[in-house]
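A quick write-up on the structure given underneath.
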Amino acid sequence: MHPCLEALPIVALVALILFASLFFAFFGGFFAGIPCTFHLPGFFEQFPCRRSLVSPGCGSGNDDFCPGGSIYSNPKESGLFLSLGNHVDVYFPSRKRSRVSAPFVFAEERFQKKKKASIDVLPDECLFEIFRRLPGEERSASACVSKRWLMLLSNIRKGELCSEKTSTSLKSEDEIVEEKGEDQEVETDGYLSRSLEGKKATDVRLAAVAVGTASRGGLGKLSIRGSNSGSGVTNLGLKAVGHGCPSLRVLSLWNMTSVGDEGLCEIAEGCRLLKKLDLCQCPAISDKALFAIAKNCPNLTELTIESCSNIGNAGLQAVGRSCPNLKSVSIKNCPLVGDQGIASLVSSTSFVLSKVKLQALNISDVTLAVIGHYGKAITDLALTSLPAVSERGFWVMGNGQGLQKLKSLTITSCQGVTDVGLEAVGKGSPNLRQFCLRKCSFVSDKGLVSFARAAGSLESLQLEECHRITQFGFFGALANCGTKLKAISLLCCLGIKDLNVGVPQLSPCESLRSLCIRNCPGFGNASLNVLGKLCPQLQHVDLSGLEGITDSGLLSLLESCQAGLAKVNLSGCVNLTDKVVSAMAESHGWTLEMLNLEGCVKISDASLVAIAVNCPLLNDLDISRSAITDFGLAALARANHLNLQILSLSGCSLISDKSLPALGKMGQTLVGLNLQHCKAINNSTVDHLLGKLWRCDILA
């Protein structure tokens, strides 16, 4: 007999016992009226089941039941168990028999569901490979998913991106034809500009800018102004720009304490088209970064370095050697920069460097000598706060014969400037057109006249806080500047004294068109009388802050002006009256375009009546803090030919709500109206004007 047939009685016995137990478990407690439970583990303890019990001779191995172990090898099939009560679970297997090694019945247990599959489980390497195969717009959209994706996308260099053919392989031919060419043409143009300031300047925003602009024409100009807070842009942010913005041409970094050489080296490596670099208050950037810029950015044309304490001579030397197109250099307050760095930079770019600005540096006469000899292409030169430069340095610079193309020269707070050095500079700069001298206390009248005589091409002369200059030097410069001088300014020069002494007969300066004398308390009527004779063709006059002049002095100047005044600024001239304004309106009203009478407390309605009648071209009028009233404004409004665009009435305490109709009528042409500190005008009047004059910018 077959072994399986011999085991049939045993199987039948087990099945009978199991069926009886289940029947008792279901109905025994019901008939007895008491709850009844059945403990299956106890049953298997009494009947230790083995595989041989079920099918002796079938299979092999030791597959004993494990009462305390796992119930089933596949936790997902927990749904195949049917709960029969609080303590009973019965297993109903599927029709397809599977091999099991666990009890068929078990106590209640809960299984944790497996988490759904997500792309986030992929490592960065896999995501990187996916992202670099996406088209530009889809990369930008993917950057919005999470910070992780954004940073991954920002680390993809342009050379690591798949070709356009690979990116569009899944698109139809029509779509490829429509999109082909346009993106490729603008991708490297770099016409986009972005600016991040304060709290907005972070690595995340910078990464978003780098990724977002890549598919929209490319980033061409980037300006970052950091804050004093702990968080801000670091090397990581600049790394993203270096990877994603190969078209960057202009970079400005201000107050970036967390950015060092590593970040700027990434910019140099990835942005090889860089032309303009501005570094301000970046203490962690050193010569190493400038080495990288010099090596990788040969197209650099402008370099500005300010308050970078770790940049020295070596970096400037590297830039001079490797950047043949450098045209503009500005270096300020860098303690490690000296003669060696500046001299090497200027001499290496002798034929292209056109603009040089040096401020608060530890340089000596050697640097000025090199500039005077090698600055053959320099057209603009500014020297500020150079305490180690002496008279010898300026003298050598002027006699170096290298500044033949110099057109603009500004010297500020350089105590080494004297009469001898200034005369040498004038002789060595035959094409000099604009000269500004500020806070140089050792220049006297002699040096100024000698310079004016030597600089025959001078068109603009500005003197500020040069206290050894007197009215004799000023008038002498006017008379000796040649026939090209068009503008002269005298600001805060305390050496000017209004002395009634005879002035030698001087030839008039027929070319002068603009005269500006501000805040020179010694300048009075006698000086104005001389100016009237020396400058008959004036068109712009600025005498603001001259409290010493009166009607008689200004009337003599007005009578001498033959060309017709267009712009006149008399603010702060407290001693002028309506007589001067009326005379000006009658003699120059046909050319007058701008008139400033702010703070002229003696100016009243009579001046406005004269202006309304005689000044048809006037478009800018400032009568703040004067004595005008509502009557004067009404007269001004009645002038139909008047075309005022800007009117300032600030601080006019006599202007009240009665001027509302006049202001409303003039508002038809006004674009700017200042009513600040007009205490007699109510808020309701201002609100009415705001609603009626919607095109006018009203300050109240």
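Please treat every number below as a calculation from the coordinates, not as lab data. Please read all numbers here as calculations on a predicted model, not as lab measurements. Note that each Cβ is placed from the backbone with ideal geometry, even for glycine, and that neighbours are counted across all protein chains shown.
Laid out as a table, the results:
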read-out	value
Förster radius 22 Å - calculated FRET efficiency between residue 562 and residue 483 (Cβ-Cβ, nearest 0.05)	0.85
Cα gyration tensor shape for the stretch 250-367, rounded if a/c is under 1.5, else prolate or oblate	oblate
When each of 484/602; 221/567; 276/439; 439/486; 357/533; 199/276 is checked by Cα-Cα distance, pairs over 29 Å	484/602; 221/567; 276/439; 357/533
Highest-first arrangement of 340-346, 600-606, where packing means the average Cβ count within 10 Å	340-346, 600-606
Gyration tensor verdict on the stretch 622-700 (Cα atoms; rounded if a/c is under 1.5, prolate if a/b is larger than b/c, oblate otherwise)	rounded
Three-way shape call for the stretch 525-640 based on the alpha-carbon gyration tensor, with the a/c threshold at 1.5	oblate
Size of charge dipole - the stretch 563-646 - debye, nearest 20, with Cβ of Lys, Arg +1 and Asp, Glu -1, no other charges	100
Förster radius 30 Å - calculated FRET efficiency between residue 434 and residue 510, Cβ distance, rounded to 0.05	0.90
Long-range amide H partners of residue 574 with built H, under 5 Å	none
Simple spin-label estimate for residue 202 and residue 606 in nanometres, 7 Å along Cα-Cβ	6.7
Dipole axis of the stretch 339-483 (+1 Lys, Arg; -1 Asp, Glu on Cβ), positive-most option in 454, 395, 444	454
Fully extended contour minus Cα-Cα distance, from residue 272 to residue 695, at 0.36 nm per residue	147.6 nm
Long-range amide H partners of residue 286 with built H, under 5 Å	261
Sequence-separation-based contact order of the stretch 298-446, relative, with Cα cut under 8 Å and 6+ spacing, percent	17
